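A.B. asks: So that we are looking at the same thing, I have put the structure below in structure tokens.
Rule-based calculations on the coordinates, nothing more; no lab input. Since the model is a prediction, treat every value here as computed from it, not as a measurement. Counting neighbours? That spans all protein chains shown, and the Cβs are built from the backbone with ideal geometry, glycine included.
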Amino acid sequence: MASYNAPLEIHVHGQIALKSGVTFDSIQDALKPLWKYAGARSLADAADSFYEDEPGIQFDGKEMLLQMCWTVEGDDDFRQELDEMCMNLNELAKTGAAIEVTFFDAEFEDQDEDTQTELESRDDFVMLFVGPDPASIMQVQRDLLVQDVVNLMERHFDGSELGGVVAEIDKLFSQRFDSLVNSLQLGKPPRGSNGGSGHGGGRKPRHLH
């Protein structure tokens, strides 16, 4: 749990489109790992960020969006809360979304320059993904990877020359998706008289041909 002498400042950042009918109470339940970790009794009590200039955790019921730009003091044990948070948000997400979690070593930053040279910073960065099904999660992963690769390669090539690179990325994600579907079907008996069985992973991501 977070403490006054916490060695890390942990920043959670992301925007998640929510299914119709999701309420503040649903969000509060889903984010319980976060506000409990912060030592609060409710999401409302913990929604403000450690830094006043950050908007914190906000639920827009009109646009059906959950927005997080929230920092909490803590330690590496915060990572244990992330899996449960993502599982909870999967149930509420309308589409796939990415959540960035950055760990800043507060103790390292407090040291003088001479001491810093003798120590190793514990700064770390984790990218998490949530979504209603594996296909939507893979779609977000694919889009982010394409964006990163194109941005890197446009330093040397015109964007119009990179269609083949994007196609290869799509091929890799299609193979991963097909492998996932096959693993879900392994050992499952046919359903119904037609012998058909569900994919389990939902629709296939667009672009993944």
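A.B. asks: Once you have the Cα-Cα distance between E84 and S42, take 0.36 nm times their residue separation minus that, and quote the gain in nm to one decimal. Provide the component values of the computation, followed by the final result.
C.D. replies: Working: separation 42, 0.36 × 42 = 15.12 nm, distance 1.68 nm.
Net length gain for the segment: 13.4 nm.
A.B. asks: Taking a quarter of the surface of the Cα convex hull of segment 137-185, what do you get in nm²? Show your work: numbers first, answer last.
C.D. replies: Details: hull surface 13.4 nm².
Reported value for the Cα convex hull: 3.3 nm².
A.B. asks: Same structure again: Please give the contour-minus-distance gain from L152 to A17: 0.36 nm per residue of separation, less the Cα-Cα distance, rounded to one decimal in nm.
C.D. replies: That works out to 45.8 nm of additional length.
A.B. asks: Another question about this same structure. Please give the net charge around S20, taking every other residue with its beta carbon less than 14 angstrom from that of S20, where Lys and Arg add +1 and Asp and Glu add -1.
C.D. replies: Every neighbour counted, the sum reads 0.
A.B. asks: Let me ask something additional. So which trypsin sites (Lys or Arg not before Pro) in segment 1-90 are both in a DSSP loop and have at most 15 other Cβ atoms within 10 Å of their Cβ?
C.D. replies: Hits after loop and neighbour filter: K19, R41, K62.
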